[in-house]
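Data first, discussion second: the structure below is written as structure tokens.
Quick note: the coordinates plus some simple rules give every number you see, no bench work behind them. Everything numeric in this text was worked out from a predicted model, so none of it was measured. Glycine also receives a Cβ, built like all others from the backbone with ideal geometry; neighbour counts cover every protein chain displayed.
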Amino acid sequence: MRITHVFWGLSIGGIETMLVNIANCQARAGARVSVIIINDLNEPMLLSRFDQAVEVIRLGRRLHSLSPNFAFRLNAELRRLNPDAIHLHRSEISCFIARRWRSRLHSTVHGLTGGRLRRRGILGRMFPLFNFSSNGNVTNLHLIPRVFSISETVRADLLANYGIESRVVANGITTSEFLRRDGHAPGSQMKIVQVSRLDVATKGQDLLVEAAAMLPDVSVDFIGEGPGRQQLEELIARHGIGNRVKLLGKRDQSYLRQHLRDYDLFVQPSRNEGFALTVAEAMAAGVPVAVSAGQGPAEVTMGDTFGNVFANGDARALAAKISDLKANYGDALQKAERARNHVIENYDVDVTARRYLSLYGN
């Protein structure tokens, strides 16, 4: 089978990391795999992780350029590759693909949905480059034959808001590459980590800062960058806890695979999130996890079965959960061991890649 994945760029992020891993696994499974990267936005570390069997094509479009030239190159590459399955990782890319390929299109919805199925106005339909970025993550989904969702939470959201059916294919990670935490108890200060784009409105990092301010015996490292940095810096300064709550910035996958095990607890305080790959990564490292209720992260942990759930949007509930886990850390470690096995069986990237292969064209 010939498979072509298409995405805008290859910066450090959950979708990009997953794309590299899935392409490699599909190639190892015997598929002929290519990846088309549209924008001139390529992280060398991620590029270097592609298997030699995966053909990587970089179109080199300048970010925010309104030139349509990349669309001609994109379709020329599709004619050359003649793929059996074209797998888009943002549905609006379909606006730039010739109709002849429509029956071979597949698209994954990588987060909770928003925006419009159809582009706004005559100009928007004629010149999609002018407004695709404002249309959310569902543009043209109604025209794509096969749609995938990364979680049951996203599937239900897509169906409820847009009436579009999709198949659930959970994102996967390379579970074997995460170094495993040993069984030691926390020291005098419990070491907590949170890995996400800094976006308070959706990821809820402010809740963890507020909880840390209530708990003098914890330290917190935030890994990631984003528009919420200044707000978090101000909140940390207001509480006077900068000596034990740090914003570390971006770290690559190699760092996470080696260092997640250094922590006693991983917290995902998301207010609104369809999935959280980093929760699965922490579970693969044998680190206990605490997640907000009612969102994709709690789906990964199957509620309290493999994780520790606290009330969504409630900093006091989060602080109470952290205190309870610290006081009963032996129980938390036993659950973390079961969680690790659960992730290996259900969220390994090989499972994800095989699932996609079985669904292409069906």
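Here are the numbers for the structure shown:
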quantity: Residues of the stretch 323-362 with amide N under 16 Å of the 7 Å Cα→Cβ point at residue 177; calculated: 344, 347-353
quantity: Average Cα contact separation per residue, the stretch 169-227, under 8 Å, 6 or more apart, as relative contact order %; calculated: 41 percent
quantity: Sorted by Cβ density within 10 Å, fewest first, the residues 255, 356; calculated: 255, 356
quantity: Neighbourhood charge, 13 Å Cβ-Cβ cut-off, centred on residue 170 and excluding it, Lys, Arg +1 and Asp, Glu -1; calculated: -1
quantity: Estimated [θ] at 222 nm from DSSP helical runs (n ≥ 4, -39500 (n - 2.57)) normalised by residues in the chain, nearest 500; calculated: -11000 deg cm²/dmol
quantity: The stretch 175-346: relative contact order in percent, alpha carbon pairs under 8 Å with at least 6 residues between; calculated: 26 percent
quantity: Spacing of the two label points (7 Å from each Cα toward its C-beta) at residue 102 and residue 45, in nm; calculated: 4.2 nm
quantity: The stretch 9-119: translational diffusion in µm²/s, Stokes-Einstein, Kirkwood Rh over Cα pairs, 10 °C, 1.306 mPa s; calculated: 106 µm²/s
quantity: Lysine pairs in the chain with Cα atoms under 21 Å, if 8 or more residues apart or on separate chains; calculated: 13
quantity: Extreme residue, positive dipole direction of the chain, given options 169, 9, 352 (C-beta unit charges); calculated: 9
quantity: Charge dipole (the chain, unit charges on Cβ, about Cα centre) - positive-most of 270, 207, 187; calculated: 270
quantity: Cβ charges +1 (Lys, Arg) and -1 (Asp, Glu), total dipole of the chain, debye; calculated: 1640 debye
quantity: Of (1) 1.01; (2) 0.98; (3) 1.68, the label for Rg/Rh (Cα atoms, Kirkwood Rh) derived from the coordinates; calculated: (2)
